[in-house]
Each structure stands twice: as structure tokens, then as C-alpha cells.
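The values are calculated or read from the model by the stated rules, or taken from the named source; none is laboratory data. Since we're looking at a predicted model, the values are computed, not measured. No Cβ is skipped: glycine too gets one built from the backbone with ideal geometry, and neighbour counts run over all protein chains shown. Ligands, DNA and RNA are excluded from the accessible area calculation, which covers all protein heavy atoms including side chains. Shrake-Rupley method; radii C 1.70, N 1.55, O 1.52, S 1.80 Å.
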Protein chains: 2
Amino acid sequence: MNDAQRQALVERLLALADDELILGHRDSEWTGHAPILEEDIAMANLAQDELGHAAIWYGLHQELTGQDPDRLAFQRNALDYRNVQLVELPIGDWAFTMLRQYLFDTYEMLLLARLQESAYPPLAQAAAKMGNEERYHHRHSSAWVQRLGLGTEESHQRMQRALDELWPYVEELFTPLPGDSLLAEAGLFPNLGELREAWRGQVLPFLAQAELTVPDAPALPLTRRDHTEALIDLLADMQMVARSDPEAVW
Amino acid sequence: MNDAQRQALVERLLALADDELILGHRDSEWTGHAPILEEDIAMANLAQDELGHAAIWYGLHQELTGQDPDRLAFQRNALDYRNVQLVELPIGDWAFTMLRQYLFDTYEMLLLARLQESAYPPLAQAAAKMGNEERYHHRHSSAWVQRLGLGTEESHQRMQRALDELWPYVEELFTPLPGDSLLAEAGLFPNLGELREAWRGQVLPFLAQAELTVPDAPALPLTRRDHTEALIDLLADMQMVARSDPEAVW
């Protein structure tokens, strides 16, 4: 790996880690509040898995930069996070949460399958390790999207409203970072255009089958440097303990 | 099992389930807020396990009564919960949370070991299933109590303060329900006096080794029908979603 590739990989790893950290935190807001006990447990599991993935990506970032994962997770300002806005949006209702999870899980599952072929072995190994969990997540969230999409009139309306709100945010998942083309050329990270096609090939028929209509609204022109008030609130909440006493032994 | 034993077992199962549900909910309040990423993940795991145990105990309760676990978990009033106050107290600081967890984990680990000998096979099987998880919890919380007890002056003081606050609540774990003597005679549930001795035999030397001093304060005269404002607040929070739309398909 040359220096430019290395720098591009560092940026990409941070984006991967931040997506998982922020989504994991949103999932954790449901634990103890889901509508049924089984889902309480499932949300705790999901939060644990996504935070675990974040730790793995921060760990690979650390191998290349020496930067402390806990410092990255808990002591940056909102503008320094590289997550997509899709994962930082507030949890909304159960339909919104499950649909966001489904859209992200499908992306992550397809991404991990491709990452297992990465020319950077630590990345390939990490992706293999996470793959099983992600297939389980995908099964769980897709079952809910289908169940609510085809459920009662009320549940269908909620799911359609969630899709109308979320859809403009999905393109950001496939918007390349400046160094991504270098990574794709070197076989270090998949081509996001191909990933996008694979994602649409799976998601569009699935949504149609759940009787949900993809809205016409254009994609928001977002980069991973753009964030909302919602991220600032989330970080204030998440960082409260770590910042209250940064030198504590804990 | 005769009717009186059956009724006593139903009461005891509800107490077991409620302890796990409320503690699991308290644990979940830390997910996404723990001081370091590794502990974020550990707290999500802990919440998931305790809520999973609650679901198992509610499930055994249902086999005997036909009552719906989700209704029991989410749609009772505070006065109908049968958890000990130890688990309903607010999370406090990290030292308080870890010490409460240690005190409860030790109780649960010793209880589960005895329950594996229960004359009621479903109870014995459930206990065997949970045992491994609980030994892991116990290792985790005891490592923290030791680390903070023997850590800095600040961490030691926090841990000692937590012990001073928590100690008056521990006796309630060993206070029999009205039907417990019937259960013990029939070998359905362990004798709580013996369990208390085993617990003290393990906890007292461990705390001394962590340089923590058990306070002189007398035990609070609590029964599982006494609750605090903290439980009312916790339930208001936990039941918000379920109560907002009890007939929803979700």
C-alpha cells in the first residue's frame, strides 16, 4: 500500500466506524422501550453488534494511525464525525427505526460480502467476522418491513411515511469519499457504483412486494462532512459520561 | 405439585422475572453512555442477557397461569411488580452500577447453581441454560469492583460510597415470600437462609480484599410489595411505547 492509498483507507475506515457507532447508539435508545419484550432483547442485541463493529473498524484505524478508539468515539466534535445522515436521524417510531435498519443492513450485508475479497487482509478478515451477524440483522429488519408494510392500514401508512422520509438520505451511502477511487483500483475497497446497483436490485423489488412506493423526491446532496442538529444532541448525550471526567480510571 | 405449591411457585417466578426485567432496563440506560466503547458493548450485552432471563421466567410463569409475558412486563402498575428495590434504584455513577451488578450477580449465580437441582424440571433446565451467562456477568462486575476499590483515591471513595448506599438493600434478596417455605420443603426452590450464608461467605471476603468496608447500617425492612418513586419513573419510561398504542400490531 502506498501513502495515498493508506490515507484513503484511513478515511474510509473512520466512515465505516462512525456509521456503526451512531447507528448502534440510536438502536440502544430502544433497549428497554421496544413494544414487546422479545424486541427489547433484539434491540439490545443489535446495539451490541453495531457497537462491536464500530470497535473493530476503529481498531483497524488505530493499526494504521495509532489513534485511540475511545478518544475517537467519545471526544470529537460533531463536525469531525464521518457518518452518513441516515444513521443520525432520531429514532422516530418503530416503523421508521425498522425501515432505516433494513436499508442500512442491506447495504452493510452487501458491502461485507465484497470486503471479504479486499486486498488488505485485516479488512477481509474483519468483514468475514461480521458477516453472520449482519445476515441475522437483515433477516430481522426485513421481516418487520414486510410485516408492517402488509399489516394493517395504520402500520402500512406508518411504513410508507417512513420510506418517504428516509429515501432522500440513502444515496449518501453510495457517495464516494475523495480517496475511494484509489481504493477501488487497488482492490482494497469495493466500487460503490457497483454496490449501489446490487443494493437497488435487492431493495426495490423487496419494497414493491411489501406494497411500499419509493418516492420521487430527489436525493439530498450530502457528504459525510454534513451533519444535523440531531447528531449534536446525540453526541451531547453519548459523551456526557466520558467528558465529565476524561482522566478517570473507570 | 399440589395447588398451594403451584401458587407459591407462580409468585416466586414472577419475582424472579421482575428482578431481571427491572435490572435489565437499568443496564440498558448505560448502553451508548458507558465511559469506554468496550463497556458500552458490555452493557448492551448485559441488558440483553437480563431481559432474556426475564423472558424465560415470564415464560415459565405463563406455562402455569396462561398469562401473557408482554402484558406482565409492560402493562402492570408499579405496585404489582415483585422486584427487590435493589434493582430499581437509579443507575447512579459507574461504581454504583458495577457494585449493584456484582451484588446481584453473585446472588443470581449461586441461586442458579441451586435451581439446577429443582424438583420442577422446567425450572432446573432454565437455570442450567442461564448459568454460563451469569458466570460471565459475575466475572465482569467483580473485576470492576476490585479495580475501582483498589484504584485511585477517587475511585475507591466512589466505590465505598456505593457500598454504603446499597448495603441496606441486599437483605431483601433473601427475605422469603409467604409461599417459599412450601417450595423449599418440596425441593422446588432453594432455602433462602442457606443461600444467604453462601452469598455472605463469598461477598464479605471479596469486599474486604477490595479494601471496602461493609457499613453497620441496619437492613431496610422491605418486602417485594414495597417500591420507590424510582420504579414509577422507570415504568413510565419503559411502558411509554407499549401503552401509547396497546393494540398496535407493531
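Using a simple spin-label model with pseudo-atoms 7 Å out from Cα toward Cβ, A:E153 and B:T152 lie 6.1 nm apart.
The calculated FRET efficiency for B:E229 paired with A:R71, based on their beta-carbon distance and R0 = 45 Å, is about 0.75. Once segment B:3-244 is represented by equal point scatterers at the alpha-carbon sites, with solvent omitted, what log10 I(q)/I(0) does the Debye formula produce at q = 0.08, 0.12, 0.14, 0.17 Å⁻¹? With no solvent term, the Cα-only Debye profile gives -0.29, -0.66, -0.92, -1.39.
For the peptide A:46-52, the mean number of other protein chain Cβ atoms found within 10 angstrom of a residue's Cβ is 6.
The value of relative contact order for chain A, using C-alpha pairs under 8 Å at least six residues apart, is 26 percent.
Here B:T97 sits with roughly 0 square angstrom of accessible surface, probe radius 1.4 Å. Applying a length cut-off of 15 Å (Cα extent along the axis) and a mean Kyte-Doolittle floor of 0.0 to the DSSP H helices of chain A leaves A:94-115. Gaussian network model of chain A, Cα springs within a sub-10 Å range: biggest mean-square fluctuation belongs to which of A:V84, A:V203, A:V170? Of A:V84, A:V203, A:V170, the Gaussian network model singles out A:V203 as fluctuating most.
Remark: the Cα gyration tensor places segment A:133-250 in the oblate category, a/c being 1.5 or greater and a/b not exceeding b/c. Kindly identify segment B:9-111 as rounded, prolate or oblate by the Cα gyration tensor criterion: order the square roots of the eigenvalues as a ≥ b ≥ c, call it rounded if a/c is under 1.5, otherwise compare a/b with b/c, prolate if a/b is larger, else oblate. The shape class here is prolate.
Can you tell me how much longer the chain between A:I91 and A:A236 gets when fully stretched, taken as 0.36 nm per residue apart minus their C-alpha distance, in nm with one decimal? Could the numbers behind the result be given before it?
Numbers: separation 145, 0.36 × 145 = 52.20 nm, distance 1.61 nm.
Additional length available on full extension: 50.6 nm.
Can you classify segment A:98-178 as rounded, prolate or oblate using the Cα gyration tensor, where a ≥ b ≥ c are the square roots of its eigenvalues, rounded means a/c under 1.5, and otherwise it's prolate if a/b beats b/c and oblate if not? It comes out oblate by the Cα gyration axes.
The mean count of C-beta atoms from other chains within 10 Å of the C-beta of residues in B:67-73, rounded to a whole number, is 2.
Translational diffusion of the protein assembly as shown, estimated by Stokes-Einstein from the Kirkwood radius over alpha carbon pairs at 20 °C in a medium of 1.002 mPa s, is 88 µm² per second. Would you please state which residues of segment B:150-182 a label at B:A4 would reach in this model, taking the label point 7 Å out along Cα→Cβ and a backbone N cut-off of under 19 Å? Flagged as within label range: B:176-182.
Using the crude model of +1 on Lys and Arg Cβ and -1 on Asp and Glu Cβ, and no other charge, please compute the dipole size for chain B relative to its Cα centre, in debye to 20.
460 debye
At what distance in angstrom do the alpha carbon centres of segment A:49-63 and segment B:50-65 lie from each other? Each part's Cα centre sits 35 Å from the other's. Annotation note: GluC sites (Glu not before Pro) in segment B:68-130 located in DSSP loop regions with a Cβ neighbour count of at most 13 within 10 Å are B:E117. The longest stretch of chain A left intact once loop-based trypsin sites (Lys or Arg not before Pro) with at most 16 other Cβ atoms within 10 Å are removed from consideration, loops following DSSP, is A:77-224. Subtracting the Cα-Cα distance of B:R139 and B:S181 from 0.36 nm times their residue separation leaves 12.0 nm of extension gain.
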